[in-house]
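This report refers to the structure that appears directly beneath it.
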Amino acid sequence: MTHSHSQATILKLFREADREFVSGARISAALGVSRTAVWKQIGQLRQLGYQIEAAPAKGYRLLQAPDVLLAAEVQNELGTACIGREVVFYSETDSTNLRVHELGKSGVAEGVVVIADAQNAGRGRMGRSWLSPPGVNLYLSVLLRPAIAPRHACHLTFLSAVAVARTVAAVGEVTPQVKWPNDILVNGRKLAGLLNELDAETDRIRYLVLGIGVNLNMAAEQFPDDLRYPATSLLLERGEPVSRQRFTRTLLRTLDELYGLYRRSGFAPIMAAWQAYFDLVGRQVEVDCQEYRLRGKVAGLGEDGALLLELADGRTERVLAGDVRPL
Ligand code: BT5
């Protein structure tokens, strides 16, 4: 039995016991390991923040569970068809996107989710970095293998933006906006970022990584002052913390639902849902496309999700990737 399966089994026994004691013998039978090995597992759960009482003749009793994103907690009553059918948790890793790249290359089926409590090399787009302190936020990546052409990979960026925005509204009870193509804002401040990466041949996607970082319970003093855009967290917007477990489960369910919709009905309903969160139409913006910059009025979006920009000379430019800044 793997480590995370043992944790899942122990936590399930605790849940069923409903705050009563579970004997060491019972746990060791369920895991198929010695009492000493059980003691070790309990020690690891304690290190993760679980408060577990041990009483010689009675066994173990769960007093309090922390808001950690162990696979056993995230998958509890998750009920998704594809996304999250396997969840891998790290207390710390370099970048969850890099972990999913490894799984993608090794041929693992789509739907696996990697979550880290902290990242020491969290990545943003174009070589930028994503601040990822422990204990407060969500850093998650999903492996997908959609049967679509590589040029349609950006559809999944819109899909994950809709999923994050809906989850922010449902669990955070605040109103999000999306900034083309992929930032999630609340009151004009950046709450979440998406980093979607692709491994493809000319006409076929081998796999796709949906990277999602959401600032959930990060406090004001944890933000540096040199960020590109003003940033925020759900804690700062609401004045009270959100459950990371609840947010994560809702996000995975929403992603699962939208991915099912995309496979059945294509991009149109995803695009329509995304547009409900987009409020830049008619605004003057500057778009940084790395090699060059464009200024113009946002005329809308193309069918493929491209940003349609009306330039000063009257021409309309289709932008496929870049950084948009309202003027
Ligand atoms: C993004 O990049 O917004 C994509 C961020 C994706 C992060 C997730 S976490 C799970 C997965 N694993 C990874 O390694 N990455 C993904 P970009 O648009 O380039 O924004 C990056 C810029 O946002 C940085 O240069 C900072 O200025 C700012 N920033 C960094 N950390 C931030 C944070 N926690 N909250 C708000 N802004 C931040």
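Considering only residues in region 99-134 that are in a strand (DSSP E or B) and small (G, A, S), the one that is farthest from F223 (Cα to Cα) turns out to be A116.
Among residues of region 192-208 that are closer than 15 Å to A149 by Cα, those with a beta-carbon under 6 Å from a residue that is β-branched (V, I, T) and assigned to a strand (DSSP E or B) at least six positions away or on a different chain give the pairs E197/V209. What residue, among those in region 250-286 that are charged (D, E, K, R) and part of a helix (DSSP H, G or I), is surrounded by the fewest Cβ atoms within 10 Å (Cβ to Cβ)? Applying the filter and picking the extreme gives R264. If only residues of region 225-249 that are charged (D, E, K, R) and within 11 Å of the ligand (Cβ to nearest atom) are counted, the one that is surrounded by the most Cβ atoms within 10 Å (Cβ to Cβ) is R228. Take E16 and decide whether it is surrounded by 12 or more Cβ atoms within 10 Å (Cβ to Cβ) and assigned to a helix (DSSP H, G or I). No; evaluated as a whole, the condition is false for this residue.
The set of residues in region 45-87 that are in a helix (DSSP H, G or I) and of a type in the set (D, E, K, R) comprises R46, E73.
Scanning region 212-255 for residues that are charged (D, E, K, R), more than 21 Å from V100 (Cα to Cα) and in contact with a helix residue (DSSP H, G or I) (Cβ under 8 Å, 6 or more places away or on another chain) yields E237, R238, R246. Being at pLDDT 95 or above, in contact with a Ser or Thr (Cβ under 9 Å, 6 or more places away or on another chain) and not basic (K, R) is a property that L78 lacks. Comparison of A220, A170 shows that the only residue that is small (G, A, S) and within 17 Å of the chain's Cα centre (by Cα) is A170. Answer with yes or no whether E303 is within 24 Å of the chain's Cα centre (by Cα), over 16 Å from A165 (Cβ atoms) and either without any contact (Cβ under 8 Å) to a residue 24 or more places away in the chain or assigned to a loop (DSSP other than H, G, I, E, B) (or both). Judged against the criteria, E303 is not a match.
The criterion of being within 14 Å of the ligand (Cβ to nearest atom), farther than 28 Å from D288 by Cα and in contact with a helix residue (DSSP H, G or I) (Cβ under 8 Å, 6 or more places away or on another chain) does not hold for V209. Within region 177-206, the set of residues being of a type outside the set (A, V, I, L, M, F, W, C), away from the ligand (no atom under 14 Å from the Cβ) and not in a loop (DSSP other than H, G, I, E, B) comprises Q177, D199, R206.
For (1) at pLDDT 95 or above; (2) within 11 Å of the ligand (Cβ to nearest atom); (3) surrounded by 23 or more Cβ atoms within 10 Å (Cβ to Cβ), each residue gets a yes or a no:
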position: W130; (1), (2), (3): yes, yes, no
position: S141; (1), (2), (3): yes, yes, yes
position: C154; (1), (2), (3): no, no, no
position: R166; (1), (2), (3): yes, no, no
position: A169; (1), (2), (3): yes, no, no
position: V174; (1), (2), (3): yes, no, no
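Within region 212-224, the presence of at least one residue that is within 11 Å of the ligand (Cβ to nearest atom), more than 23 Å from D288 (Cα to Cα) and in a strand (DSSP E or B) is confirmed.
Suppose we filter region 99-125 for residues that are within 9 Å of the ligand (Cβ to nearest atom) and farther than 12 Å from D199 by Cα; how many remain? Total satisfying the criteria: 10. Reported count of residues in region 163-184, each being free of Cβ contacts under 8 Å to residues at least 24 places away in the same chain and hydrophobic (A, V, I, L, M, F, W, C), is 1.
The values are calculated or read from the model by the stated rules, or taken from the named source; none is laboratory data. It should be emphasised that the depicted structure is a prediction, and the values quoted were computed from it without experimental measurement. Neighbour counts are summed over all protein chains in view; Cβ atoms, including those assigned to glycine, are modelled from backbone coordinates with ideal geometry.
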